[in-house]
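Undergrad: Structure provided below as structure tokens; questions to follow.
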Amino acid sequence: MKIIIKPLAIILTSTLLLGQIKTGQSTTKIAYAGIQIDNVEPWVKEELIKKMGSIFEGINPDQFISTQTVQNSAQSELNQLFMEFSDSSFQKIADKTGAKYVFAGKFKNVSPDDRRIMIQGEFYRYNAELKSKFRYEVLKYYERMNDEATVIKKQLVDSIPATASPATFKQVSILFGLILVVGLLFMSMAGTSVWGEGSGDSGLPSPTEN
């Protein structure tokens, strides 16, 4: 009996752990207030907005507050923020949106050469709980901004606890199915072992040769 109970306990424990993975998702809210870009052509502005927006890809949609949502709910606070990236300005955005972290940036082209674009600026991550901000300074030629966005994502976004997307229901179901199959296999092997051991002991004396 102990041999059978053990794999059952493994299956039950695994099920509880998977349930925690699915239901214990982080509720940390992350708001992206957007970026301001000066002295560039419209196509550069559009591309740079996309590059910086891409650093939030992979975050659980339930956690992420988009720039459009921030604009709709805190337009006056947003205007104040881009006038001055102060702690109080960030805090007002956080209070209005319910976000723990607020991201925003300001960039401009400082290249004296019309044939090349050099982006200079600052990108911020504000922690409403600690009431402090982290500033990342940028000075890169435009063609290097993809690499710069990757670094910003790693240092400012990926370093936030529990920002990755949680396991989907399908992924959890597949994993549970595999654990169940393995558990049943163990039970089957345990049952074979029990019957194998019992078949040689019928309570009668063993036959002997004359």
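Undergrad: Can you pull out the residues in the stretch 54-100 that are among the aromatic types (Phe, Trp, Tyr) and under 24 Å from Leu139 (Cβ atoms)?
TA: Of the residues in the stretch 54-100, the ones among the aromatic types (Phe, Trp, Tyr) are 56, 64, 82, 85, 90.
If the condition is that a residue be among the aromatic types (Phe, Trp, Tyr) and under 24 Å from Leu139 (Cβ atoms), then Phe56, Phe82, Phe85, Phe90 are the ones that fit.
Each row is one residue, and each column tells you yes or no for (1) touching a helix residue (DSSP H, G or I) at 6+ places or on another chain (Cβ under 8 Å); (2) surrounded by 22 or more Cβ atoms within 10 Å (Cβ to Cβ); (3) more than 21 Å from Phe134 (Cβ to Cβ).
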| position | (1), (2), (3) |
| --- | --- |
| Pro61 | no, no, yes |
| Phe64 | yes, no, no |
| Gln71 | yes, no, yes |
| Leu81 | yes, yes, no |
| Phe85 | no, no, no |
| Ile93 | yes, yes, no |
| Lys100 | yes, no, no |
| Ala104 | yes, yes, no |
| Val110 | no, no, yes |
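Undergrad: Continuing with the same structure: Anything in the stretch 112-143 that is within 27 Å of the chain's Cα centre (by Cα) and exposed (fewer than 13 other Cβ atoms within 10 Å of the Cβ)? List them, or say none.
TA: Across the stretch 112-143, the qualifying residues are Glu129, Leu130, Lys131, Ser132, Arg135, Glu137.
Undergrad: What do you reckon, is Lys51 touching a residue at least 24 places away in the same chain (Cβ under 8 Å), among the basic types (Lys, Arg) and not in a loop (DSSP other than H, G, I, E, B)?
TA: Numbers: touching a residue at least 24 places away in the same chain (Cβ under 8 Å): yes; among the basic types (Lys, Arg): yes; not in a loop (DSSP other than H, G, I, E, B): yes.
Considered against the rule, which asks whether it is touching a residue at least 24 places away in the same chain (Cβ under 8 Å), among the basic types (Lys, Arg) and not in a loop (DSSP other than H, G, I, E, B), Lys51 comes out as yes.
Undergrad: Sticking with this structure for a sec: Mind checking which residues of the stretch 68-101 are touching a residue at least 40 places away in the same chain (Cβ under 8 Å) and within 13 Å of Ile35 (Cβ to Cβ)? Full working, then the answer.
TA: Restricting attention to the stretch 68-101, the residues satisfying the condition of being touching a residue at least 40 places away in the same chain (Cβ under 8 Å) are 78, 81-82, 85, 87, 90-91, 93-94, 97-101.
Residues satisfying the conditions are Leu78, Leu81, Phe82, Phe85.
Any read-out appearing in this document is the output of simple, stated calculations on the displayed coordinates, not a laboratory observation. Fair warning: this is a prediction, and the values are worked out from it, not measured in the lab. So basically every Cβ, Gly included, is an ideal-geometry build from the backbone, and we count neighbours across all protein chains shown.
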